[in-house]
Amino acid sequence: MKKIKIVGNNKLSGEISVSGAKNSIVALIPAAILTKETVKIYNTPNITDTENLRAIIELLGGKIEFGEGLLKIDSKKIKPVAIPEELSIKLRASYYFMGALLGRFHHVEIYSPGGCKIGSRPINLHLKAFKKMGVTVLKEKNKFILDTDDLHGANIYLDIASVGATINIMLAAALANGMTVIENAAKEPEITNIASLLNNMGARISGAGTEKITIIGVKKLHGAVIETIPDRIEAGTFMMIGALIGNEFTVKNMITQHVDTLISKLRDMGVKFTMTSDSVTFHETREYNPVDIKTLTYPGFPTDLGQPMAVLLTQARGTSKFIETIYESRSGHFPELIKMGADIEFDKMKATITGPTRLVGCEVEATDLRAGAALIIAGLLASGITKISNIEYILRGYEDIVLKLRDVGADIDIIEE
Ligand code: EPU
């Protein structure tokens with residue numbers, strides 16, 4: 001079994017660079033099939049989620065070229081063949097092929113998506129929106145058959161500002177007849193990145209990044225170029241590392257505005273750092289104040305940084321309260337951190353973390369992607385050796401994480417045991 005082994009308690013210094021955003025690239029790739037012409041995506045991260053989407057494109061008949069961060073997708077020969085369960089289940093974002101194939105072919109056959117098990121994660125809002133746009137939805141066990149001979153615009157109010165539903169609706173609406181309005185749309189920066197690609201392809205989308213997005217359907221889309229935005233969650237993960245064990249440690253190639261809420265919490269904690277618009281440099285911090293965290297949709301504190309943040313809170317002098325509001329089971333990291341010495345009481349979506357506690361390395365298990373990130377941070381901080389199993393979760397979302405951390409002085413390796 002592959003494990004990540006960390007010998008902790010080293011100060012890190014130097015520069016660490018942020019890759020393209022996982023949650024953008026996983027939608028940019030499906031978006032590319034809305035045209036027969038070539039789409040080029042710069043700053044594509046080489047992570048397992050990207051690999052799995054490339055496999056789906058190839059299964060559909062598309063051609064892929066990938067090297068040095070540039071992904072070229074040629075969808076001329078794509079057909080709406082059924083996407084089998086063994087591919088759809090490999091990641092959450094396989095569901096973006098619903099919107100994309102509906103837009104281009106008006107027909108999709110696909111199985112339920114996979115993704116981290118952090119809650120029930122229904123897709124009812126996606127399906128409800130498609131139905132409003134004239135799509136018939138048939139579900140046989142885990143298989144969805146979506147079909148329409150009249151894909152049309154609609155007024156859609158999302159009960160929850162869902163990232164996935166907002167993007168899926170934009171994908172289907174770009175080539176639908178007439179106008180679609182999404183109210184209570186998600187405002188995450190990834191939404192704007194996808195809308196930019198679609199607009200570069202000839203779509204007419206306005207309001208992305210606000211709670212009301214308007215899409216005027218067009219007849220055809222063409223080839224285009226886009227750059228994946230920097231991953232704000234990877235940046236945030238590195239920032240926690242910087243806050244804890246950084247000494248002249250710079251996180252670069254990021255957009256600091258995308259992590260405003262984290263920056264404000266780090267300030268409240270007394271973390272010492274200086275910043276520019278695209279980098280944050282951490283100086284040594286010896287004492288941290290406790291802070292309360294409540295995860296929210298963007299621009300609130302991101303749920304994806306809640307787990308890494310828990311590690312930082314174990315080092316604050318006093319008690320911090322933590323509330324997760326998006327996913328009901330995003331707590332797999334807590335028992336592992338407790339094993340390492342953290343003082344955490346948790347119940348469902350709430351936790352109380354008291355510090356500072358000394359963390360000690362041991363064998364721990366990543367239960368999902370961001371739990372894995374939290375354990376890497378904890379391992380880097382802890383004394384002794386930490387071995388993390390289930391690292392497939394981590395490699396799904398963090399490009400070259402081991403190499404990047406070694407370059408700034410971490411003693412970290414992938415081992416086979
Ligand atoms: N929801 C519904 N019905 C729906 C859609 C969503 O009830 O039809 C609920 C979900 O159950 C969940 C909440 O709404 O409780 C948020 O769901 P959303 O659709 O916003 O999230 P997602 O598209 O499933 C994406 C990211 C997540 C990230 C969230 C929130 C991708 C592939 N995943 O998930 O990323 O946490 O947005 O920002 O883009 C991660 O990177 O670790 C990760 C889990």
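Summarise the accessible area of the chain (1.4 Å probe, protein heavy atoms) by the percent that is carbon and sulfur.
Percent of accessible area from carbon and sulfur atoms in the chain: 48.
Suppose we keep just the DSSP beta bridges with both residues in segment 275-393; what percent of those would be antiparallel, to 5?
Of those bridges, close to 60 percent are antiparallel.
Please sort 253-266, 165-178, 387-400 by packing, taking for each peptide the average over its residues of neighbouring beta carbons within 10 angstrom, highest first.
Averaged packing, sorted descending, gives the order 165-178, 387-400, 253-266.
Give me the accessible area per residue for the chain, probe 1.4 Å, as a whole number in Å². All intermediate terms of the calculation are to be shown ahead of the outcome.
Working: 16340 Å² over 417 residues.
With all protein chains present, the chain gives 39 Å² per residue.
Output the pairs from Lys117/Lys252; Lys117/Lys348; Lys272/Lys404; Lys139/Lys294; Lys63/Lys141 with a Cα-Cα distance over 25 Å in this structure; if there are none, say none.
Flagged as over cut-off: Lys117/Lys252; Lys139/Lys294; Lys63/Lys141.
Considering the options Leu71, Met349, Leu102, tell which one lies farthest towards the positive end of the dipole of the chain, charges being +1 on Lys and Arg and -1 on Asp and Glu at the Cβ, about the Cα centre.
Farthest towards the positive pole: Leu102.
With a cut-off of 19 Å, note down the residues of segment 320-340 whose backbone N falls inside the zone around a label point 7 Å from the Cα of Lys294 toward its beta carbon.
Backbone N within reach: 320-330.
What is the magnitude of the charge dipole of the chain about its Cα centre, with +1 placed on the Cβ of each Lys and Arg, -1 on the Cβ of each Asp and Glu, and no other charges, expressed in debye to the nearest 20?
In debye, rounded to 20, the chain gives about 740.
Measure out, as a whole number of angstrom, how far apart the alpha-carbon centroids of segment 88-114 and segment 125-199 sit.
12 Å
In terms of Cα to Cα distance under 13 Å, which aspartates and glutamates are near enough to Lys387, apart from those fewer than 8 places away along the same chain?
Partners within reach: Glu336, Glu363, Glu365, Asp411, Asp413, Glu416, Glu417.
So if each residue of separation counts as 0.36 nm, and I subtract the Cα-Cα distance between Cys362 and Leu403, what length gain in nm does that give?
Computed gain between Cys362 and Leu403 is 12.6 nm.
What share of the DSSP beta bridges in the chain is antiparallel, in percent to the nearest 5?
Roughly 70 percent of the DSSP beta bridges within the chain come out antiparallel.
Given +1 on the Cβ of Lys and Arg, -1 on the Cβ of Asp and Glu, and no further charges, what dipole in debye does segment 193-325 carry about its Cα centre, rounded to the nearest 20? Mind dumping the intermediate values first?
Working: 13 positive and 13 negative charges, 82 e Å.
Taking the Cα centre of segment 193-325 as origin, the dipole is about 400 debye.
Mind checking the full-extension length gain between Ser264 and Arg317? Use 0.36 nm per residue of separation minus the Cα-Cα distance, one decimal, nm.
Computed gain between Ser264 and Arg317 is 17.3 nm.
When we measure straight from the Cα of Lys187, which aspartates and glutamates land under 16 angstrom away, once same-chain ones fewer than 8 places off are left out?
By straight Cα distance, Lys187 reaches Asp159, Glu211, Asp231, Asp260, Asp304.
Which of the DSSP-defined H helices in the chain satisfy a minimum axial length of 27 Å, computed from C-alpha atoms, and a minimum mean Kyte-Doolittle hydropathy of -0.5?
Helices meeting the span and hydropathy rule in the chain: none at all.
Placing +1 on the Cβ of each Lys and Arg and -1 on the Cβ of each Asp and Glu in the chain, which of Leu34, Met179, Pro189 has its Cα farthest towards the positive end of the resulting dipole?
It is Met179.
Using the basic label-point model (7 angstrom from Cα toward the beta carbon), what is the Glu284 to Asp149 distance in nanometres?
Between Glu284 and Asp149, the label points sit 7.4 nm apart.
Sort Arg92, Arg286 by heavy-atom solvent-accessible area, probe 1.4 angstrom, most to least.
Descending accessible area places them as Arg286, Arg92.
Helix-only estimate, please: 222 nm mean residue ellipticity of the chain, summing -39500 (n - 2.57) across DSSP H runs of length 4 or more and dividing by its residues, to the nearest 500.
-9000 deg cm²/dmol
Given +1 on the Cβ of Lys and Arg, -1 on the Cβ of Asp and Glu, and no further charges, what dipole in debye does segment 22-227 carry about its Cα centre, rounded to the nearest 20?
240 debye
The values are calculated or read from the model by the stated rules, or taken from the named source; none is laboratory data. The shown structure was predicted, so the numbers you read here are calculated from the model rather than taken from an experiment. Don't worry about glycine lacking a Cβ; one is built from the backbone with ideal geometry, like all the others, and counts go over all protein chains shown. We work out accessible area using only protein heavy atoms, side chains counted, and drop any ligands, DNA or RNA first. Shrake-Rupley method; radii C 1.70, N 1.55, O 1.52, S 1.80 Å.
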